Every structure is written in C-alpha cells, then in structure tokens.
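The values are calculated or read from the model by the stated rules, or taken from the named source; none is laboratory data. Not measured: the values here are computed from a predicted model. Every residue, glycine as well, gets a Cβ built from its backbone with ideal geometry; the counts of neighbours run over all protein chains shown.
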Amino acid sequence: MTQPTGLSAPDAVASWRERAVERSLRTARAKAMSRSDRFIEVAMELLSETGRTDFTVQELVERSKTSLRSFYQHFGSKDELLLALFEEVIRMSSEDWRRLVKAQDNCVAGLEALVLTMYAQAIDQTMGGVSRALTSYHLQLAESRPSDYARVLAPMQDLILELVEAGVREGKFRDDIDAETLAMILMQTLVAAAHMHALGAYLTGGPLDGERLWAFCLGGLTATRKS
C-alpha cells in the first residue's frame, strides 16, 4: 500500500484518528451542552413557578423528559445545577450590563445606569419567583460555598470596580478610600438592598426605590475627607 506523501505510516494513522476523535468530541460536547442547557431552562421554570429551590431532581427530570442517568452525567447533584444556573444568570446579565455601561457618556453615568438597572432587575415583579428563589440561594451559597460565591459574582464585581477606578482617576470619586474597598461597599449595599426587597423585608415599612439607592451610593463615592 502506498503511504501518503510526506507522512510515515504512524503519522498518517494518527492524523486520521485525531480528526475522527475531534469530530466525535465536538458532537458529544454539543449534545452535552444542549442537555445541560435544557436542565437549566427547566430549573428556571420551576423557580419561576414556585419561588423556591426545593424542587427535586426527579421533578426536574420528569419535566425535562429525560432520565436520572442523563442528569447525573451532567451534574453531580442538584446543588451543582443551581450553582450552574446562578453562574449562567450572572454571566449573561454581565454581558448586558457591559453593553449598557459602554453606551453612557462617562463613568459616573455608567455607574448610575448600572446600579439602577441591576436593582430594577432584582426587584422586577414579573421575575418575582426567580428573584426570590435566587436570593435565597444566593444567601445559602455565600454561607456554604464562599469561594464559589465570590467566583460567580466576579464579573459583576469587576465591572463595578472598573467604573469606580475610572471615577477615582478622573477626580470624580473620592480617593481617601481605595477603589477596591469603595467597589466592595457599593456592591454589598446593592446586593443587600436587592435581597431585602426580594424577601419583602422592609425595615421602614416599604421598599427602597432605585433613585434613592443611587443617591446614597453617589454620596458615599463623592464624599470628601474631613480636614
């Protein structure tokens, strides 16, 4: 048999085998991603309907018309599924937030738009079930898996930090507190306000509106040092 020009027999065999394996892996990866997305989609439906994360894997499997075997091929547990869902929500939202920020005239306007939008999305009544369920899960994750909690929220934290750093450089925000601390306080304030609203825990008898929240945040960012 004539060998392909420029290739030894082992090289020729390895080449076609690698291509075959690569095609097979691409197909398997695409199927796995499709099924994983389906599980996440159905989990979102359950969160929206119940406002809770206490659905069972069996309920998820029956709704998605799959099998327990298929589920455990993609996720080690329901907790892993919820983490993946939470991560996907933050990832997709962060992409939208970045586009929103880029459309603004300056870093202050960008940060204002970001805070107002993030808070409005968190308290959106049409997403009530999902917001409440993810808020509860958010708090559980912060306690039980703090490293995963920090990793999932990193895109959100990074965007806030970029805007705060730009404001400090341009002299629009205070510089007596480092930018990382300012960004952390801002994010924690925003997250806490969203949690209180989603859980219906109003300390003053009613929900906080976004404009007042931003006014408070802006005051903290622009305050000057005492002489």
For segment 71-87, which residues satisfy the criterion of being free of Cβ contacts under 8 Å to residues at least 60 places away in the same chain and buried (at least 16 other Cβ atoms within 10 Å of the Cβ)?
Phe71, His74, Phe75, Lys78, Asp79, Leu81, Leu82, Ala84, Leu85
Return yes when Ser144 is in contact with an Asp or Glu (Cβ under 9 Å, 6 or more places away or on another chain) and under 18 Å from Met44 (Cα atoms) and no when it is not.
no
Glu112 closer than 23 Å to Leu213 by Cβ, acidic (Asp, Glu) and touching a Phe, Trp or Tyr at 6+ places or on another chain (Cβ under 9 Å):
yes
Every residue in segment 106-127 that is in a helix (DSSP H, G or I) and exposed (fewer than 14 other Cβ atoms within 10 Å of the Cβ), please.
Ala109, Ala120, Gln125, Thr126
Residue check, Ala166 modelled with pLDDT of 85 or more, touching a Cys at 6+ places or on another chain (Cβ under 6 Å) and of a type in the set (Gly, Ala, Ser):
yes
What number of residues within segment 81-105 are part of a helix (DSSP H, G or I), of a type in the set (D, E, K, R) and modelled with pLDDT of 90 or more?
5
Filter segment 77-96 down to the residues that are more than 8 Å from the chain's Cα centre (by Cα) and among the aliphatic types (A, V, I, L, M) and list them by number.
Leu81, Leu82, Leu83, Ala84, Leu85
Which is on the phi > 0 side of the Ramachandran plot and modelled with pLDDT of 90 or more, of Gly205, Gly220, Gly171, Gly200?
Gly171
Quick check on Val130: is it at pLDDT 80 or above, surrounded by 16 or more Cβ atoms within 10 Å (Cβ to Cβ), β-branched (Val, Ile, Thr) and not assigned by TED's automatic domain parsing to the domain that holds Thr50?
no
